[in-house]
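Shown next, in structure tokens, is the structure this report addresses.
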Amino acid sequence: MIVQVVIPRVGVNVTEFRLVEWKAKEGDRVEKGSTVLQIETEKTQWEVEAEITGFLHILLEAGFKAPVGETVGVIAETKEEFQKVQTESGRAPGQPAPVEAGANSDESSGSAGEAGAASGRRGVLITPVARKMAEEHMLDISKIKGTGPGGRIGRKDVEAVIQAKAAEKEKPAPTAYHGRRIRGVVPLKGIRQAIAEHMYRSLSSSAQMTVMGEWDVSKIVLLREDLLKEEGMADTRITYVDIMVFILSRALKLHPSMNCSLLENEIKLWEDINVGVAFALGEEGLIVPVVKNADQKGLLEISKQVKELGKKAQDRKLLPDEVTGGTFTLSTVGRQSESRFQTPILNEPEAAILAVSSIEDRPVVRDGQIVARPIMTYSLTYDHRVINGFGGEQLLRTIRRFVENPSLLML
């Protein structure tokens with residue numbers, strides 16, 4: 001039996017994945033149900049499991065992108081079947097060069113007319129497969145020497161350049177850089193690279209303004225204490241994050257102009273209120289799974305979903321659909337943080353993000369007396385191109401009313 005290793009469809013909005021790592025080498029025996037391949041999008045990672053026990057034949061090496069439904073490897077149940085697959089794919093045992101899925105060689109993928117058309121448009125004779133590989137690895141094709149007919153650049157020519165660059169990266173890092181000693185080098189790649197590019201793009205393409213303040217959350221603290229007493233009946237432990245998602249979704253329903261995005265030179269007001277909740281992934285950064293239609297869900301349902309999404313985030317098991325489609329993001333500063341305020345960066349294409357701190361007792365003046373009250377600080381960042389200060393203040397005023405008098409939520 002021979003079974004294909006295929007890029008899975010795990011979300012309606014995802015069309016391709018990058019191959020991160022094969023968990024077995026060419027010809028290795030893999031067990032049914034074991035992870036054979038790790039793949040990723042900009043926001044999440046996914047593991048592909050072996051459907052049968054057998055020997056792995058790799059068609060597309062790690063580092064390349066492949067569309068959903070693409071065959072990137074094969075598992076053959078017997079050694080004989082494995083050797084037959086290797087021979088038919090044009091890859092000899094032990095040969096390191098990958099073969100593009102669905103073709104015996106890049107010279108046979110696409111017609112000569114297609115290659116010629118590409119050459120005519122850009123002035124370089126190169127096959128379609130080689131061009132795609134060069135673009136994915138950001139290579140200057142004018143500097144690649146082609147070994148094909150008429151100097152045409154083929155897949156193997158591009159792979160040689162990629163392998164040469166990889167070997168260069170594996171050289172020992174220099175001990176000093178412009179007079180400064182280097183302790184170590186951490187590659188910017190994977191989710192960390194995607195987050196870095198997303199944050200830079202966000203700050204570069206919008207007019208972000210941040211306002212800050214604080215709320216007296218005495219009644220929210222009492223509300224949570226009452227809810228914790230009924231934890232057994234609720235079948236979930238309510239957190240302040242759950243309560244803030246609940247409050248924020250109701251406030252956005254009253255202020256639809258804050259639930260928007262600037263896309264294609266239009267301000268799109270979203271009917272759905274999908275609240276993203278930022279979770280830390282250690283040194284990798286943040287990921288923002290989304291509570292869809294939060295305004296239509298009760299506090300218990302929100303609490304259970306936030307916990308489920310949080311566990312998936314920590315286990316790196318989030319589906320692409322669970323981290324897309326947000327219309328507004330809530331970020332939280334944990335108890336271990338030394339800061340009360342921050343300037344959160346927009347999670348584009350959303351036009352606003354609210355960050356709240358952990359709660360701490362602080363002295364405030366009430367009825368002419370200095371008393372201790374549980375205080376939560378907040379930072380609201382919004383895109384000033386589409387949201388003005390009045391809109392932001394109106395949203396914050398409504399949230400304050402809900403925080404200081406939670407019974408209003410019943411209305």
Ordering Ile75, Ile370 by the accessible surface of their heavy atoms, 1.4 Å probe, largest first, yields Ile370, Ile75
Hypothetical label at Met1: residues of the range 47-68 whose amide nitrogen lies under 14 Å (7 Å Cα-Cβ projection): 50-55
Helix-only mean residue ellipticity at 222 nm for the chain, each DSSP H run of n ≥ 4 adding -39500 (n - 2.57), per residue, nearest 500: -9500 deg cm²/dmol
For the chain, what's the radius of gyration and Dmax over Cα atoms, in angstrom? 26.8, 89
Listed by chain and number, the residues whose amide H is under 5 Å from that of Gly73, excluding neighbours fewer than 5 places away on the same chain and using placed H, are Val5, Leu59
Heavy atoms only, 1.4 Å probe, whole protein assembly: order Ile141, Ile58 by accessible area, highest first. Ile141, Ile58
Where does helix 218-229 land angle-wise versus the long Cα axis of the chain, in degrees 0 to 90, nearest 10? 70
Rounded to the nearest whole Å², what accessible area per residue is found for the range 252-349 with the 1.4 Å probe? 52
Ordering Asp242, Asp140 by accessible area with a probe of 1.4 Å, largest first, what comes out? Asp140, Asp242
For a quick check of understanding: with a 1.4 angstrom probe and all protein chains in place, what accessible area in square angstrom does Ile375 have, to the nearest ten? 10
Counting only protein heavy atoms and using a 1.4 Å probe, what share of the accessible area of the range 137-257 belongs to carbon plus sulfur, as a whole percent? 58
Could you sort out which of Lys84/Lys317; Lys219/Lys307; Lys132/Lys311; Lys145/Lys165; Lys189/Lys304 sit more than 25 Å apart by Cα distance in this structure? Lys84/Lys317; Lys132/Lys311; Lys189/Lys304
For the range 221-282, which GluC sites (Glu not before Pro) are both in a DSSP coil and crowded by at most 16 other Cβ atoms within 10 Å? Glu230, Glu264, Glu271
Report, to the nearest 10°, how far helix 299-314 tilts away from the longest principal axis of the Cα atoms in the chain, using its own Cα long axis and a range of 0 to 90°. 40
Exactly which GluC sites (Glu not before Pro) in the range 1-75 are in a DSSP loop and have at most 14 other Cβ atoms within 10 Å? Glu31
Are there trypsin sites (Lys or Arg not before Pro) in the range 314-411 that DSSP puts in a loop and that have at most 10 other Cβ atoms within 10 Å, and which ones? Arg335
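The values are calculated or read from the model by the stated rules, or taken from the named source; none is laboratory data. In this text the structure is predicted, and so the values were computed from the model without any measurement. When we count neighbours, we look across all protein chains shown, and the Cβ atoms used for this are built from the backbone with ideal geometry, even at glycine. Heavy atoms of the whole protein, side chains included, go into the accessibility calculation; ligands, DNA and RNA do not. Shrake-Rupley method; radii C 1.70, N 1.55, O 1.52, S 1.80 Å.
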